[in-house]
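What follows is calculated from the coordinates using simple rules that are stated; it is not laboratory data. Because the structure is a prediction, the values reported are computed rather than measured. Cβ coordinates were reconstructed from backbone atoms using ideal geometry, including for glycine residues, and neighbour counts include every protein chain displayed.
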Amino acid sequence: MSESPVAVLPAPAALPRRLPHAVTFVAIAAIFVLFMAASSAPSPLYVVYQQNWDFSATTLTAVFAVYVLGLIVSLLVLGALSDHVGRRPVLASAIALEAVALVLFLVAGDVSVLFLARLVQGVATGAAMTTMAATLVDLNPPHRPARAGVVNGIAPTSGLALGALGCGALIQFAPSPTHLVFALLLGAMVLAVAIVAAMPETSARRPGGLRSLLPRLGVPARLRTEFFALVPILIASWSLGGLYLSLGPSVAAGLFGLTNHLIGGLVVTLLCGTGAMTTFLLRNRPVQKILRAGAALLATGLAVTLAGISGGSVALGIVGTLVAGTGFGASALAGFGTVVRISAPAERGELFAVAYVISYVAFSLPAVAAGLATTAFGLRSTALVYATALMLIAAAALVVEQVRTRRIPS
């Protein structure tokens, strides 16, 4: 009698392996830096585009502004979406959209395509920023509760610094200055997609995804006192960042005679790189003290920079930028560290969206006004008025913080 055949059951399909949380935290931080580097990479190129296509300072500032317009609309519409559908789908979509923007930069032959590229990039960056910020908080190691706040403060400024400096170096020393940087960034985005495909989901799906797309800015009532106390310092610090990213290279070339493209990128890097380093060094300091110090350093740095612009002193301009950059970093750490501390998991995406909307409105509107003023009144007069106004806002932020601190019971 022959043996009956033995049925062999197929092995169950293996579940896809996901990256460990610690690895994912580092990877998301790196992608955050990558996005911000891509957003600042065009800054040193504005002067090149302006020479190649012969457009005004007003048009240059409008190119900068359309990026921020796309970013703010994205924050308003998509800021809370990852709280409902999960972090991975939103982040993967944002990376894909960023890749489209980089392709548009590669093929751009006139200002109209440049406008479109910056608009698409703004939408992609807005969707990515809130999602990555919330993901970092989701993945925050319990034994280091402040780590996500520190990284959320460092990543934007360090990315802006690296993007501007790297692009400036490529423009000055490498071939195809308006193409190579975007090709390199596009390759990095491909790697970012692979990382997101392998990362674990950190936010459970919950209903209300479609409803979350309705533009709104909401801060839960229990958080309003602490959150709105951050607004003055957010306005002062990010208005400073907008000045440097939109007009910084032009000021270096037009007022100080520094026409080397690497120097143009270095102007942004001095501010943002100093800010990133400051955020890291002050990561264990009390938030209230950091807020006060940030406001004071912003006001002082702007006063020194103002003196440098008035007297045409490169040395004073550098010292002022370094001091203001220190204030910029301290303000970022205190602001986003407070958001991390006060928000619950289901509130993180939306609360970060509100913080970023305030920051980027301050980042863009004064810079757009400065671009229009440059065409009408000249670069020097505009830079002097802008720096003076920011110095006064930073001083007001310091006063507000001191008054608020005194009212907190011991």
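Numerical summary
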{"item": "Dipole magnitude of the stretch 282-410 about its Cα centre (Cβ charges: Lys, Arg +1; Asp, Glu -1), debye to nearest 20", "result": "420 debye"}
{"item": "In sequence order, calculated HN-Hα J values of the stretch 84-92 (Karplus, 6.51, -1.76, 1.60; Hz; x Gly/Pro)", "result": "10, 9, x, 6, 4, x, 5, 5, 4"}
{"item": "Pairwise label distance in nanometres, VAL319 with LEU392, each label 7 Å out on the Cα-Cβ vector", "result": "2.6 nm"}
{"item": "Helix-only CD estimate at 222 nm, as mean residue ellipticity for the chain, using -39500 (n - 2.57) per DSSP H run (n ≥ 4)", "result": "-26500 deg cm²/dmol"}
{"item": "Stretch gain in nm, segment VAL193-LEU372, where the contour uses 0.36 nm per residue and the Cα spacing is subtracted", "result": "60.6 nm"}
{"item": "Long-range amide H partners of THR202 with built H, under 5 Å", "result": "ARG87, ARG88"}
{"item": "Backbone HN-Hα couplings from phi across the stretch 171-186 [Karplus 6.51/-1.76/1.60, Hz, Gly and Pro as x]", "result": "4, 6, 10, 10, x, 6, x, 8, 10, 4, 4, 6, 5, 5, 5, 5"}
{"item": "Lys, Arg +1 and Asp, Glu -1 on Cβ, resulting dipole of the chain about Cα centre, debye, nearest 20", "result": "1220 debye"}
{"item": "Separation of the VAL399 and ALA174 label points, Cα + 7 Å toward Cβ, nm", "result": "4.8 nm"}
{"item": "Most mobile listed residue (ALA383, ALA307, ALA155) in the chain, GNM with C-alpha springs under 10 Å", "result": "ALA307"}
{"item": "For the chain, with +1 on Lys and Arg beta carbons and -1 on Asp and Glu, the positive-most of LEU291, ALA353, VAL23 along the dipole", "result": "LEU291"}
{"item": "Volume in Å³ per residue [convex hull over Cα atoms, computed for the chain]", "result": "176 Å³"}
{"item": "Karplus (6.51, -1.76, 1.60) ³J(HN,Hα), θ = phi - 60°, over the stretch 223-232, in Hz, Gly and Pro reported as x", "result": "9, 5, 4, 5, 5, 5, 5, 7, 4, x"}
{"item": "Protection-proxy order for peptides 120-133, 185-198, each taking the mean of Cβ atoms within 10 Å per residue, highest first", "result": "120-133, 185-198"}
{"item": "Max mean-square fluctuation residue, GNM over the chain, Cα-Cα springs under 10 Å, options LEU240, LEU34, LEU223", "result": "LEU223"}
{"item": "Unit charges at the beta carbon, dipole of the chain: most positive-side option, LEU365, SER203, SER313", "result": "SER203"}
{"item": "Compactness relative to 2.2 N^0.38 Å, alpha carbon Rg of the stretch 69-195", "result": "1.14"}
{"item": "Alpha-carbon radius of gyration plus Dmax, which is the widest Cα pair, for the stretch 255-386 in Å", "result": "16.6, 51"}
{"item": "The stretch 323-366 and the stretch 157-232: distance between their alpha carbon centers, rounded to Å", "result": "13 Å"}
{"item": "Positive-pole candidate from PHE55, PHE115, SER40, dipole of the chain, charges at beta carbon", "result": "SER40"}
{"item": "Of HIS21, HIS84, HIS143, the one that fluctuates the most in a GNM where the chain has Cα springs shorter than 10 Å", "result": "HIS143"}
